[in-house]
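**Student:** Just passing along the structure, written as structure tokens.
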Amino acid sequence: MDVNQLYTDIILEYNNDKTNKREISCPTISEHGHNANCGDDIKLQVVLKDGVIADIAYTGNGCAISQASTAMLIELLGGKTVEEAMRLTRLFLDMILGKVNDEGQLEELEAAAYLKNIAKMPVRVKCAVLAWHTLAIALEKELAKKK
Amino acid sequence: MNIELIRNDFPILKTISAGRPLVYFDNGATTQKPLPVLEAIYEYNSRQNGNPHRGSHVLAIAASEAYDGSKEVVRKFINARSTREVIYTRNTTESLNLVARSYGETHLKKGDRIVITVAEHHANLVTWQRVAQKTGAVLDYIYIDKETGKFKEEDFAKIDAKTKIVAFAQVSNVLGLVFDPKPLINLAHQHGAVVVLDGAQSVPHQQVDVQELDCDFFVFSGHKMCASGGIGVLYGKEALLEDMEPFNLGGDMIDRVEEQVTTFAELPTKFEAGTPNVEGAVSLAAAIKYLNNIGFEEIEAHEKKLVTLAIEGMKKIPYVRIIGSDNPAEKTGLVAFTVDDVHPHDVSELLSAAGICIRTGHHCAQPLHIYLGVNATCRASFYFYNTEEEVAYFLDKLSKVRAAMGYKD
């Protein structure tokens, strides 16, 4: 894949969008994620109210792909129920793994669907999935509590 | 030194990437192999391949001669007293693990001290953490000045009578500082400590004499000096090696094996269990001959020229920050740096798209990065086959990285 197809305007725009790069004072969930190889390190914070993501934000460092991907995650999952967020997170991870290709199905991911081509760049996969993988771990704990 | 002729020896440097010959600036990670090394591997496998030290047929003998012969080349290269002091391993990491396990874990006890530096590669750090955890010894650090990258001399006082191990790199793989290890070695010896010197980043670029350094253990990797992967060296003073437990157990490292007891082989075989990497050993000997032919004075002078050009150019790019000293006179052939607001991974991706290979990440030195307060860095590391033209091309592309990431300045 050409580097210009990687750093598209939309990726750069989301990378530079720091709206949700902030600390939440009393989060329900706080989960760390890091990539040992490149040193990316983020903390995702979520406020849950009646099973719905009332607020979600992140802090930390990462490359443009991981930061853009995190911003997209937050934009997509704010206001969703835990179950819905989990379903969309799995859909995103399946897209990056190349398991889901159907454009119609991926529309649900909104801006995050633009990261689909990362599936063709093995070395950047871990950048794209960092936030999603971190959230999946946190939400699984939350769902386990419910049961 | 004729750079054109030298480059002709390296087939991989002819690789076309982004419409021009690939620029390989990741020599701190691994180096490329010249034809004489590739040919030596081919020759060995075409004519001499057997299992050394086993059997009495022509190929077993030929393989033994190739293997043992390469060791004499290595001995001479680092000026060890005898080949009994030269042990082949897989790489620097395995050499350090051998020292930590076979010496550290058996010679240290609760209350002893291990002193290393915050700039160590994980191979020379995690190993000592483990020794400390297992024996109850205390692991302490010599820190660096964040601006100059130099060791804080007041921290040398941490080396005291309780200190049993002092381990550090001759050249840090991130800071790339020219450093005379002699005073630190002498200080450690004054307190009776054993010195483990990591030569992974020094041996490929400068002449090393282990007797003159007087370090107790010295370790390095073949693949960082034009040899193939999977061959590394542990030098140790004979008396220390004699007093150590074997590392791996199995074939070749034994003297006599009975059902319940075993006596072990003499040095260095005691530490070389299993069928060794003979072609790796052969490639290392060929690489040493190749480097000696060029000459280390020439290599150092050429790398100094490149690093000077690189640092001077990088200083002119306002948003590039050099890690540690930015004085070329103090630098070996490597520079770690960051670009303001652009993650190192993205810097590397953009340079790679322009056909330039640099390293990105924490370079297996996370404690150093945490100490310096940087998440990750980029690193350009040079070798004798790199050119001034390549450095100029790299600087040009580096100056365009921020714009490519959407910044207007």
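**Student:** For the stretch B:241-264, indicate whether the set of residues that are farther than 26 Å from B:HIS107 by Cα, of a type in the set (S, T, N, Q) and touching a residue at least 24 places away in the same chain (Cβ under 8 Å) is non-empty.
**Tutor:** Within the stretch B:241-264, not a single residue is farther than 26 Å from B:HIS107 by Cα, of a type in the set (S, T, N, Q) and touching a residue at least 24 places away in the same chain (Cβ under 8 Å).
**Student:** Here's something else I'd like to know. Report yes if B:GLY222 is closer than 20 Å to B:LEU38 by Cβ and either at pLDDT 95 or above or not assigned by TED's automatic domain parsing to the domain that holds B:LYS71 (or both), otherwise no.
**Tutor:** Values: closer than 20 Å to B:LEU38 by Cβ: yes; either at pLDDT 95 or above or not assigned by TED's automatic domain parsing to the domain that holds B:LYS71 (or both): yes.
Answer is yes for this residue.
**Student:** Could you check the stretch A:120-132 and list, in sequence order, the residues that are buried (at least 18 other Cβ atoms within 10 Å of the Cβ) and of a type outside the set (A, V, I, L, M)?
**Tutor:** Scanning the stretch A:120-132 gives A:ARG124, A:LYS126, A:CYS127, A:TRP132.
**Student:** Tally up the residues in the stretch B:367-403 that are of a type in the set (Asp, Glu) and either within 11 Å of chain A (Cβ to nearest Cβ) or not in a helix (DSSP H, G or I) (or both), please.
**Tutor:** Looking only at that region, the number is 0.
**Student:** A further question on this structure: Could you tell me how many of the residues in the stretch B:155-197 are small (Gly, Ala, Ser) and more than 16 Å from the chain's Cα centre (by Cα)?
**Tutor:** Narrowing the stretch B:155-197 to residues small (Gly, Ala, Ser): B:157, B:161, B:167, B:169, B:172, B:176, B:188, B:192-193.
Filter once more, so that each one left must be more than 16 Å from the chain's Cα centre (by Cα): B:157, B:161, B:188, B:192-193.
Residues meeting the conditions: 5.
**Student:** Right, another one. Considering only the stretch B:353-377, how many residues are crowded, with 20+ Cβ neighbours inside 10 Å and within 18 Å of the chain's Cα centre (by Cα)?
**Tutor:** Residues in the stretch B:353-377 being crowded, with 20+ Cβ neighbours inside 10 Å and within 18 Å of the chain's Cα centre (by Cα): 8 in total.
**Student:** State yes or no: is B:GLU349 surrounded by 17 or more Cβ atoms within 10 Å (Cβ to Cβ), part of a helix (DSSP H, G or I), in contact with a helix residue (DSSP H, G or I) (Cβ under 8 Å, 6 or more places away or on another chain) and without any contact (Cβ under 8 Å) to a residue 24 or more places away in the chain? Working first, answer last.
**Tutor:** Working: surrounded by 17 or more Cβ atoms within 10 Å (Cβ to Cβ): yes; part of a helix (DSSP H, G or I): yes; in contact with a helix residue (DSSP H, G or I) (Cβ under 8 Å, 6 or more places away or on another chain): yes; without any contact (Cβ under 8 Å) to a residue 24 or more places away in the chain: yes.
Spelling it out, B:GLU349 is indeed surrounded by 17 or more Cβ atoms within 10 Å (Cβ to Cβ), part of a helix (DSSP H, G or I), in contact with a helix residue (DSSP H, G or I) (Cβ under 8 Å, 6 or more places away or on another chain) and without any contact (Cβ under 8 Å) to a residue 24 or more places away in the chain.
**Student:** Same structure again: If the Cβ limit is 7 Å and pairs must be 6+ apart or interchain, which residue in the stretch B:16-39 that is touching a residue at least 40 places away in the same chain (Cβ under 8 Å) and assigned to a loop (DSSP other than H, G, I, E, B) pairs with which residue that is loosely packed, with under 15 Cβ neighbours inside 10 Å and of a type in the set (A, V, I, L, M)?
**Tutor:** So the pair list comes out as B:GLN32/B:ILE12.
**Student:** Further question: Here are B:PHE10, B:PHE25: which of them is under 28 Å from B:THR387 (Cβ atoms) and buried (at least 21 other Cβ atoms within 10 Å of the Cβ)?
**Tutor:** Details: B:PHE10 fails: buried (at least 21 other Cβ atoms within 10 Å of the Cβ).
After ruling out the rest, the residue left standing is B:PHE25.
For every residue, the table says whether it meets (1) of a type in the set (Asp, Glu); (2) part of a helix (DSSP H, G or I); (3) buried (at least 19 other Cβ atoms within 10 Å of the Cβ); (4) at pLDDT below 95.
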{"position": "B:THR106", "(1), (2), (3), (4)": "no, yes, no, no"}
{"position": "B:LYS110", "(1), (2), (3), (4)": "no, no, no, no"}
{"position": "B:ILE114", "(1), (2), (3), (4)": "no, no, yes, no"}
{"position": "B:ALA119", "(1), (2), (3), (4)": "no, no, yes, no"}
{"position": "B:GLN133", "(1), (2), (3), (4)": "no, yes, no, no"}
{"position": "B:LYS146", "(1), (2), (3), (4)": "no, no, no, yes"}
{"position": "B:PHE156", "(1), (2), (3), (4)": "no, yes, no, no"}
{"position": "B:ILE165", "(1), (2), (3), (4)": "no, no, yes, no"}
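**Student:** Residues that are in contact with a helix residue (DSSP H, G or I) (Cβ under 7 Å, 6 or more places away or on another chain) and buried (at least 23 other Cβ atoms within 10 Å of the Cβ): which helices (runs of 4 or more DSSP H) entirely in the stretch A:1-119 hold 1 or more of them?
**Tutor:** A:9-16, A:64-77, A:82-96
**Student:** Continuing with the same structure: What are the residues in the stretch B:327-346 that are more than 14 Å from chain A (Cβ to nearest Cβ) and either of a type in the set (Phe, Trp, Tyr) or assigned to a helix (DSSP H, G or I) (or both), if any? I'd like the intermediate steps shown before the answer.
**Tutor:** If we filter the stretch B:327-346 for residues that are more than 14 Å from chain A (Cβ to nearest Cβ), which is where we start, we get B:327-335, B:337.
Scanning the stretch B:327-346 gives B:PRO328, B:ALA329, B:GLU330, B:PHE337.
**Student:** Within the set of pairs 6 or more residues apart or between chains, which connect a residue that is more than 25 Å from A:ILE118 (Cβ to Cβ) and more than 14 Å from every other protein chain (Cβ to nearest Cβ) inside the stretch A:1-29 to a residue that is in a helix (DSSP H, G or I) and charged (D, E, K, R) with Cβ atoms less than 7 Å apart?
**Tutor:** Filtered contacts from the stretch A:1-29: A:ILE29/A:GLU142.
**Student:** Sticking with this structure for a sec: Could you identify the single residue in A:ALA57, A:ALA68 that is under 28 Å from B:ILE370 (Cβ atoms), within 14 Å of another protein chain (Cβ to nearest Cβ) and of a type outside the set (Val, Ile, Thr)?
**Tutor:** The conditions single out A:ALA68.
**Student:** Against the condition farther than 30 Å from B:VAL126 by Cβ and either assigned by TED's automatic domain parsing to the domain that holds B:HIS362 or not β-branched (Val, Ile, Thr) (or both), how does B:ARG75 come out, does it pass?
**Tutor:** no
**Student:** Can you say whether B:ALA100 is surrounded by 23 or more Cβ atoms within 10 Å (Cβ to Cβ), in a helix (DSSP H, G or I), in the same structural domain as B:HIS53 (by TED's automatic domain parsing) and under 20 Å from the mean Cα position of the chain (by Cα), as far as the supplied structure shows?
**Tutor:** Yes.
The values are calculated or read from the model by the stated rules, or taken from the named source; none is laboratory data. Given the structure is predicted, the values throughout are model-derived calculations rather than measurements. Neighbour counts are summed over all protein chains in view; Cβ atoms, including those assigned to glycine, are modelled from backbone coordinates with ideal geometry.
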